[in-house]
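Worksheet: the structure to be examined is printed underneath.
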Amino acid sequence: GVDSDVRKHTKRLLLSFCGNKIKYYTERDVCLYKRSLDKLARLASQSSGFTSELPYEKNVQLIEALVSLQQVVHSRSYTWLAFVAEAKDVLDTMLTYLFNLREEAALLILKLIARVFAPLPTLPIASPSPSLKEKGKEKEKDKTVPEHTSPREARKSLERAEFSARITKLAPVPRGLVEVLLTPRSIHGTGSGPISPLARIVDQFMLETHTQEMRSEARTLIHDLHLH
């Protein structure tokens, strides 16, 4: 593992380089996404694209990589959408993995795909402290009090502007990503005709089976997809 002091100083350096937390998290998340997907690709290459069963320890590595990826995507889905929109083959790759993996890993992959089409978040704005509220009341009473913006408030304002700009750029979800799910394609090794990934999701994860959680995640994906 990395020493905590090294981690802390590295974080401080990257934050200083990026200028604000929105850019910092974006850069950090992209690095994590690339590392996680590289790990998935290595594991896929050892099991013919997950068509054959992984050894136990490799399967543990797979689940750990997917859980780590899912936690970050759940926290900041906008960085995931931006990454997937830029790296056009990521969604295709995730769909290939989805239909080949077993239930636990498939559920995590389905959640990652669903987050691409989920409603974009809004930036939470912290409530002012009591002292700031009191100051605000005093300024309302006396309009002659000069306005003053602290460096912290100025930084937060820039972060909100940066966040809004990124969300605006991503809304709506790029049509090309929607088409990936809607475009029929042949399934290798079967005699069936072309079928869209979305239709396969309905067949495989809603009609044929699986856990309530899997069906619920598939329904959420279909609902959000139709909003686009």
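Here are the numbers for this structure:
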| quantity | calculated |
| --- | --- |
| Nonlocal amide H pairs with R185, under 5 Å, H built at 1.01 Å | I195, S196 |
| Using θ = phi - 60° and Karplus 6.51 cos²θ - 1.76 cosθ + 1.60, couplings along region 193-206 (whole Hz; Gly, Pro as x) | x, x, 9, 6, x, 5, 5, 5, 4, 4, 5, 7, 10, 10 |
| Karplus 3J(HN,Hα) series, Hz, for region 99-112 with 6.51 cos²θ - 1.76 cosθ + 1.60 (x for Gly, Pro) | 7, 9, 7, 7, 4, 4, 5, 4, 4, 5, 5, 4, 5, 5 |
| DSSP-assigned coil residues among GluC sites (Glu not before Pro) in region 8-117, each with at most 16 further Cβ atoms within 10 Å | E53 |
| GluC sites (Glu not before Pro) within region 153-216: DSSP coil, no more than 14 neighbouring Cβ in 10 Å | E208 |
| Too-long pairs where the Cα-Cα distance tops 28 Å, listed order kept, from K11/K58; K88/K111; K11/K39; K8/K58; K21/K58; K23/K88 | K11/K58; K8/K58; K21/K58 |
| For K88, solvent-accessible area (1.4 Å; no DNA, RNA or ligand), Å² | 140 Å² |
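The values are calculated or read from the model by the stated rules, or taken from the named source; none is laboratory data. Values in this document were obtained by computation on a predicted structure and should not be read as measured data. Glycine also receives a Cβ, built like all others from the backbone with ideal geometry; neighbour counts cover every protein chain displayed. To get the accessible areas, we keep the full protein, side chains included, count just its heavy atoms, and leave off ligands, DNA and RNA. Shrake-Rupley method; radii C 1.70, N 1.55, O 1.52, S 1.80 Å.
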